[in-house]
Amino acid sequence: MSLTISKKNIVKLSQGEFVSLNELELVYFKSAFVDQVCVHGESLFPFLVAVVVPNLTAIYEYFGVNANNTSAPNLESYCARTDAKDLVLNDFRYLATLNKVIIAVLVHF
């Protein structure tokens with residue numbers, strides 16, 4: 001895997017906060033429950049948007065599901081589960097705290 005970092009990765013949100021999108025992506029990418037993450041922001045809005053591709057194998061392991069079982073739930077059904085969303089969100093919050101991410105750019109569902 002390789003990661004390409006753009007020079008123009010800093011966004012000023014509408015409330016005046018400067019945010020490095022790549023730094024946030026790197027923080028959230030550390031989650032064992034995530035395969036891919038992309039953070040987007042625009043200066044017209046006071047919030048960021050993240051597209052997250054969960055790591056289904058890690059989520060299965062956390063919930064004690066055998067990933068090789070053909071009757072195991074698919075990605076769509078797990079993404080709809082509140083407890084799976086909370087798992088990823090809580091891990092993001094933990095990583096944000098560990099990496100001293102400012103409160104204004106924390107992830108919310």
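The values are calculated or read from the model by the stated rules, or taken from the named source; none is laboratory data. It should be emphasised that the depicted structure is a prediction, and the values quoted were computed from it without experimental measurement. Ideal geometry is used to build each Cβ from the backbone, glycine not excepted, and the neighbour counts take in all protein chains shown.
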Flagged in the stretch 32-83 as in contact with a Pro (Cβ under 8 Å, 6 or more places away or on another chain) and either modelled with pLDDT under 90 or farther than 28 Å from I102 by Cα (or both), in numbering order, are V65, L75, Y78, C79
For residues in the stretch 81-100 being surrounded by 12 or more Cβ atoms within 10 Å (Cβ to Cβ) and among the hydrophobic types (A, V, I, L, M, F, W, C), which is farthest from L24 (Cα to Cα)?
A84
Restricting to the stretch 42-65, count the residues that are crowded, with 17+ Cβ neighbours inside 10 Å and more than 13 Å from Y28 (Cβ to Cβ).
4
Looking at (1) within 25 Å of L21 (Cβ to Cβ); (2) in contact with a helix residue (DSSP H, G or I) (Cβ under 8 Å, 6 or more places away or on another chain); (3) without any contact (Cβ under 8 Å) to a residue 24 or more places away in the chain, which one does N66 not meet, given that it meets all the others?
(1)
